[in-house]
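Structure record follows, encoded as structure tokens.
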Amino acid sequence: MLMLGQTIFNGIVIGSLYALVALGLVIVFKSTNRINFAYGQMAMFSTFIGYTLLAKFHLPFMLAFIGALVFSALLAVLVRNILRPAKSESSVIVATLALYMIFTAVAGIIWGWDPVSFPQVFTGEPFSVFGIIMRPNDLFNILLTVILMLMLFLFFKFNLNGIAMRALSQNLVTTSLMGASVNKLFTITWAISGILGGVAGILVAPTSFLDTNLMAVFLLKAFTAAVLGGFTSYPGVVIGGLSLGVMEGLVSSYISTDLMDTFAFVLLIIVLLIRPEGILGKRIRMLGKTSSTEESGEFDSSRPGMSMRKKLAFLIVSIALPFVFQGNTYILYFAVLTGIYMILAIGLDFLVGYTGKISLGHAALLAIGAYSSVILTSKVGFPFWLALLSAGIITGLVGLLLGFAALRLSGLYLAIVTLGLGTAVPQILLKWDEVTNGYTGLHAAIPSIGFFIIDTEFEMYFLVLAIVIVTIIVTNNILRSKIGRAFVALRDSEAGAEAMGVQLAKYQILAFVISAFFAGIAGSLYAHVVGFISPADFSIWNSLLFISMLFIGGVASIPGAMLGAAFMTMVPIFFAGSKSISAILFGGALLIIILFFPSGLAGFYKVGLNIGKRLFSRNSIGLKGPAEEEGTNVATRNK
């Protein structure tokens, strides 16, 4: 009985922190209908500010605490202003992911990537109450959380700005017509959200080590708490956070500590499938749906995919490249990786570009393909080519399950589920020692087809190139078919597509299956090219890089997906000694493109091509003789 009481108390302590972070997310969501995936990294950054004030400047805890919260509020307001040019909910999601990358990298540059110890608020000895061991820090966390929640209740109940914010969450236009300053209310909303995140970060840091990933896991837990309690209900979010903390504690104490983090993902899936509005929430409009093609551009059904001229140019350059760099295995290795990521990006484009679904967990699908191929070749005895196809099929079946889940979920909820998948799969791979070797990882066999052994980068390059070409041909054929037109109809308007006779369920599931199949093929190739895989190769950070590839290159564009993959793979060559600089460059490029150039690098190419055509046309006119120009002018005057 004492063990149960201790477990519940510990769950309440950690659950109160989940509730704080979830409240910060929900306050912004209710007022602006936007979700901030950079929220955890913002809290991490402000916690590092507090650490600097405490450890470097030796300020009293209260002054450092206030300083960190002021910084956190200002940072949140800055983020709000950065996101203002975003034209849709999906672009907000991707922009906040870019900020996630930037904040992580900048923190790594300033404070380093190694964990540091955060000073304890209280150093007193633990004491016992009815047999339950309590630490002063735990009581402080609970007390401060309760005080903040009470202050929020009073603010929204009696303060004029709080009342206006509640009205704003119900109807923006009506609130504006009543004379309230919407811009001011949005600023207050983001500032409060930032303060809550800053508080949570400073309370969490003493319980573990402070590093750049401090709040990354907490973000997923906060999403789970918000979904469990209801995104539209503040009391529901608090109940969701406390409930999650207690349930995790029970799983850890009575089942397995290894399953504690995975439990949050499983609970998230169950709640979203059964009651997506949560315990106390109400049904909300799903994020991510747009009725225009502002994010992906117009779709020309007469020329989907790549034109013959682009295919020919790609083929010539691709065949020539390995002969130019035949003696440089380093360049060839990255060229092979580029081809693998092109396959992945083209598959991901089926979801994001052609059906409008956001996936934040594609690294998990890559992992499933990689591990499937290695296990089938090394433990089952499959030949490489059969393991390659089997990896695609196995991952496609996982995509089938995601597709069924997507029938009930969309936008924000689907993004959260895929984010959870991307977080949970590496943890499962770590714990499934008897199959995956856990931290030790697996060595992949050298690929061979028949008697031909592919053991050099030069040979591997042509294998990957052949599969890239097949991927392009298959993709072009799909996009030219009825299936491709159905995908685009789904992206532009699900209601309109359904009215035209498109079977929504069938094509949504098919999009997930195709995307996952390509991810599985890419995962198999990745494993055999690299030669060794471990769960660390498939972190959530990789999922962010994959979504970045797509938006930097240009969504709903095969050349765009390929350009994005090339950019994200080859750029680190020039910044091989700095992980932080590469991440800042990726995040910055993604942020600028998603906010101001939604067509990506493919759009830049089209703009440059049009400018070139105009310049060439003008030069052609300038080369006309005097008599010809005179005749043209006379004819013009006669008109």
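The values are calculated or read from the model by the stated rules, or taken from the named source; none is laboratory data. Being a predicted model, the structure only gives us computed values, none of them experimental. Here Cβ is always computed from backbone atoms with ideal geometry, including for glycine, and neighbour counts include all displayed protein chains. These accessible areas exclude ligands, DNA and RNA; they are computed on the full protein's heavy atoms, side chains included. Shrake-Rupley method; radii C 1.70, N 1.55, O 1.52, S 1.80 Å.
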Centre separation in Å (Cα based) which lies between segment 483-499 and segment 197-242: 37 Å
Normalised contact order of segment 92-170, rounded percent, pairs of Cα under 8 Å and 6 or more residues apart: 12 percent
Net charge of Cβ neighbours under 11 Å - reference Ile446; Lys, Arg +1; Asp, Glu -1: -2
Apportionment of accessible area to carbon and sulfur, segment 412-531, percent (1.4 Å): 66 percent
Estimated FRET transfer efficiency when R0 is 45 angstrom, pair Met570-Leu78 (beta carbons, to 0.05): 0.90
Most to least packed among 238-249, 487-498, 353-364, 414-425 [average Cβ atoms within 10 Å]: 353-364, 414-425, 238-249, 487-498
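By average Cβ neighbour count within 10 Å, what is the ranking of 99-109, 34-44 from highest down? Could you put the intermediate results ahead of the total?
Numbers: 99-109: 21.6, 34-44: 26.6.
Result, highest mean first: 34-44, 99-109.
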Cut-off 14 Å between beta-carbons: net charge of the residues surrounding Thr262, Lys and Arg +1, Asp and Glu -1: -1
Inter-probe distance in nm under a simple model that places probes 7 Å from Cα toward Cβ, at Leu401 and Trp432: 0.9 nm
Rounded FRET efficiency, nearest 0.05, which uses the C-beta distance separating Phe158 from Leu4 and R0 of 41 Å: 0.55
Relative contact order for the chain, counting Cα pairs under 8 Å that sit 6 or more residues apart, in percent: 19 percent
Heavy-atom accessible area per residue - the chain, 1.4 Å, Å²: 43 Å²
Nearest-0.05 FRET efficiency for Val182 and Val217, computed from C-beta distance (R0 25 Å): 0.15
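Please compute the net charge surrounding Leu83, taking Lys and Arg as +1 and Asp and Glu as -1 over other residues with Cβ under 13 Å from its Cβ.
Counting the neighbours of Leu83, the net charge comes to +3.
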Estimated distance in nm for a label pair at Leu143 and Ile319, the labels positioned 7 Å out from Cα along Cα-to-Cβ: 7.7 nm
Alpha-carbon centroid distance for the pair segment 389-418 / segment 1-53, whole angstrom: 28 Å
Folded to 0 to 90 degrees: helix 384-406 orientation relative to the chain principal axis, Cα: 60 degrees
Normalised contact order of segment 475-570, rounded percent, pairs of Cα under 8 Å and 6 or more residues apart: 13 percent
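Ignoring ligands, DNA and RNA, what percent of the 1.4 Å accessible area of segment 25-138 is carbon and sulfur?
Working: 3120 of 4630 Å².
In segment 25-138, the share of accessible area belonging to carbon and sulfur is 67 percent.
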For the chain, size of Cβ-based charge dipole, Lys and Arg +1, Asp and Glu -1, in debye: 1960 debye
Label-point separation, Lys482 to Trp113 (7 Å along Cα→Cβ), nm: 5.1 nm
